[in-house]
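This report refers to the structure that appears directly beneath it.
Throughout, read-outs are computed from the coordinates displayed, never taken from laboratory work. Since the model is a prediction, treat every value here as computed from it, not as a measurement. Backbone-built Cβ (ideal geometry, glycine too); neighbour counts: all protein chains shown.
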Amino acid sequence: MDDIRRRVPRTDAVLADDRLRAAAATLGRRLVREVVADTLARVRAGEIPPESAADAATAALPDTAAGLREVLNATGVVVHTNLGRAPLSRAARDAVVAAAGYTDVEFDLRDGRRAPRGRTAVAALAAAVPEAEACHVVNNNAAALALVATVLAAGREIVISRGELVEIGDGFRIPDLLTATGARLREVGTTNRTSLDDYADAIGSGTGFVLKVHPANFTQTGFVSAVPVGRLTGLGVPVVSDVGSGLLRPDPALPGEPDVATELRAGAHLVTASGDKLLGGPQAGLMLGTRDLVDRLRRHPLARALRVDKLTLAALEATLSGPPTPVAAALAADPERLRDRAEAVAAALTGHGVEAVAVASTARVGGGGAPEVSLPSAAVSLPAGLAGPLRNGRPAVVGRLHRDRLLLDLRAVPADADDRLVAAVLAAG
Ligand SMILES: *Cc1c(COP(=O)(O)O)cnc(C)c1O
C-alpha cells in the first residue's frame, strides 16, 4: 500500500496528458480536474495501477459537460417520466442545436424589427390543430393550468368533479396547484359519479370556469359516470379541458385517450396538454382555444414567468412539422418484429457466452397516458446481476427486474440501437 502511495502521480502531471488537456478545452478545466481527482483517489485505494491513471481518467470523462447521461430505455415504459419522457426526434434534435446560438426567436430578419416570440412554433401548432382559433405555449402542462386558473379564477371558483382531483406524480396534486393560484375549488359530484346537474347547481356569480381533468394515470370501472365537455358548454361559463397527454387528434390505437381537436370541436373554450408525453416533443404546456381567452392568457404578467425557451420552441416546431416521433414509432412497433429483434440480440449475446434468452413481454404507454393499454412486446431476459453494471455503463441501460431476471424490453429501444445494446451488455458482463 505504501509503495502505491509513493507511486501515485501528481494531479498536474496527469492533467498534462494530451487527451486530458484537449478535454479541458471542450468540457471545462474544473470538470476534468474533478475526474482526475476521483481517478487518483481510486489509484490510492489500489483499484487502478498508478501508471494507468491518465488512461483511466480519460475513460472516465463524461461525453458532455452536463451531468445528464444517455440512457437506453429498456423498461418497456415508452413515456417514462424519470427517464425524461419523450425522446426527441432527429429533426427536433437538429433544430435544438441550430437554435442554440443567437437566433431570430423574437426578431424579424426581413425588416429588422422585434417580432412575436416563437411565432413559427405557435404557427406550427395552430396548423396542426385548425380547430383552435389561437394557441400559446408555456413551460409544461402544470404551468398551463396555473396560468388559466390565475387568469380566469383568482379569487373565484373553479368547478371540478370529485372524480377528477388527480395526483399527477411525485406528490404533486392538481387541486393543490389550482388553489396555489388563489382560486378556490368548488368540488361537485362524487368520486365515481358526477352529473350535469351537479355542475349546474354549483355555478354562480363567483364561478371562474369549469375544469375537466383527464384521469390520465388511473381508470375507474363499474358504477361510474362523468359529464363530457360537450354537455358542459351550455352552462354559460368557460370550460377548460386538461387532456394531459397531448394527443392532437384521435388515435385508434389508444381508444380511451382524449385529444385536443375533439375537445375543441365539442366546444371547450381552452384545452391544455403536455408537449413531452404522447405528442413526443419537448417539455411544454400547450394551450389551445378561443382567440379572446388565449390573448388574455398571453398578456397576463404570469405568462412572462412561464415563458418557454428558444430550445423548446425549436424542438416543438420540429416535432409538430417533422417526421413521426420516436414515441410514435415505439407505440406502433410490430410485436413480431420486436420478437425477431429480441431473438437476434439474445443470439448475439449467447454467442459471446452471456446467458440470454428472448421472451414475450408487456410494455406500457406510461407518462400518465392510456393506463389501461398494454402493448405486446418482446424482451431479452438476462441474469439479474447485470442490472447494476448496465445502469452504470455508457450508455446506461435501464431494464425491468422480474422474477430474479433482468428484462430488457425492446419496445422503447430504437431499432437501430440493438448493436449498442449488445455492446453495452457485453461491457457490463
Ligand atoms: C401529465 C399531466 C399533467 C402535468 O403535465 P406536465 O406537463 O407534467 O406539467 C397535468 N394533467 C394531466 C391530466 C396530466 O396527465
Notebook entry, point to check: In whole percent, what relative contact order does region 90-323 give with Cα contacts below 8 Å and a gap of six or more residues?
Noted result: 28 percent
Notebook entry, point to check: Going by the alpha-carbon gyration tensor, a ≥ b ≥ c the square roots of its eigenvalues, is region 182-298 rounded (a/c under 1.5) or, if a/c is not under 1.5, prolate (a/b greater than b/c) versus oblate?
Noted result: oblate
Next item on the list: With a ≥ b ≥ c taken as the square roots of the eigenvalues of the C-alpha gyration tensor of region 350-429, please select rounded if a/c is under 1.5 and otherwise prolate if a/b is larger than b/c or oblate if it is not?
Entry: prolate
Check: Once the Cα atoms of helix 310-321 and of the chain are each reduced to a long axis, what angle between those two axes, in degrees from 0 to 90 to the nearest 10, is obtained?
Finding: 70 degrees
Check: Which shape class, rounded, prolate or oblate, goes with region 1-103 when its Cα gyration tensor gives a ≥ b ≥ c as root eigenvalues, a/c under 1.5 marks rounded, and past that a/b bigger than b/c marks prolate?
Finding: oblate
Checklist line | Simple label model, 7 Å out from Cα along Cβ direction - Arg117 to Glu355, nm | finding: 5.7 nm
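If you scale each eigenvalue of the Cα gyration tensor by 5 and take the root, what three semi-axes come out for the chain, rounded to whole angstrom and sorted largest first? Spell out each step's value before the answer.
Numbers: eigenvalues 423, 157, 82 Å².
Three semi-axes, in Å: 46, 28, 20.
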Check: Which angle from 0 to 90°, rounded to the nearest 10, does the C-alpha axis of helix 119-128 make with the longest principal axis of the chain?
Finding: 70 degrees
Checklist line | Residue with peak Gaussian network fluctuation, the chain [Cα springs, cutoff 10 Å], from Leu61, Leu375, Leu278 | finding: Leu61
Margin query: If you take every DSSP beta bridge fully contained in the chain, what fraction is antiparallel? Give it as a percent rounded to 5.
Written below: 60 percent
Next item on the list: Starting from the Cα of Asp18, step 7 Å along the direction of its Cβ; do the same at Asp108; then give the gap between the two resulting points in nm.
Entry: 5.4 nm
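How high is the relative contact order of region 2-60, in percent, with contacts defined as C-alpha pairs under 8 Å that are six or more residues apart? Provide the component values of the computation, followed by the final result.
Values: 48 pairs, mean separation 25.3, N = 59.
43 percent.
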Margin query: Compute a Gaussian network model of the chain, connecting alpha carbons closer than 10 Å, and tell me which residue from Leu145, Leu331, Leu15 fluctuates the most.
Written below: Leu15
Next item on the list: Can you give me the P(r) profile for region 2-60? Cα pairs, bins 10 angstrom wide beginning at 0, each as a whole percent.
Entry: 26, 56, 16, 1
Notebook entry, point to check: Considering the dipole of the chain built from charges on the beta carbon (Lys and Arg +1, Asp and Glu -1) around the Cα centre, which of Val239, Leu426, Val357 is farthest to its positive end?
Noted result: Val239
Next item on the list: Work out the FRET efficiency for Ala65 and Arg265 from their Cβ-Cβ distance, taking R0 = 51 Å, and round it to the nearest 0.05.
Entry: 0.65
Next item on the list: In square nanometres and to one decimal, what's the mean projected area of the convex hull around the Cα atoms of region 128-181?
Entry: 5.1 nm²
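Would you calculate the volume per residue, in Å³, of the smallest convex hull containing every Cα atom of region 90-323? Mind showing how you got there, number by number?
Values: hull volume 30.8 nm³, N = 234.
Per-residue hull volume (Cα only) is 132 Å³.
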Margin query: When 1/r is averaged over all different Cα pairs and the result inverted, which Kirkwood radius in Å belongs to region 257-334?
Written below: 14.1 Å
Item checked: FRET efficiency for Thr190 and Thr221, using Cβ-Cβ distance with R0 set to 22 Å, rounded to 0.05 -> 0.90
Next item on the list: Along Cα→Cβ, 7 Å out, is where each label goes; now give me the distance between the ones at Arg394 and Glu34 in nm to one decimal.
Entry: 1.5 nm
Next item on the list: Round to the nearest 10 and give me the degree value, 0 to 90, for the angle of helix 18-27's Cα axis relative to the longest principal axis of the chain.
Entry: 10 degrees
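Please give the calculated 222 nm ellipticity per residue for the chain, where each DSSP H segment of at least 4 residues contributes -39500 (n - 2.57) and the sum is spread over every residue; nearest 500 deg cm²/dmol?
On the way: 19 runs with 167 residues, N = 429.
Taking each H run of at least 4 residues, the total per residue is -11000 deg cm²/dmol.
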Notebook entry, point to check: Could you give the distance between the Cα centres of region 129-188 and region 299-322, to the whole Å?
Noted result: 19 Å
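With r as the distance between the Cβ atoms of Glu167 and Thr362 and R0 = 22 Å, compute the FRET efficiency 1/(1 + (r/R0)^6) and round to 0.05.
0.35
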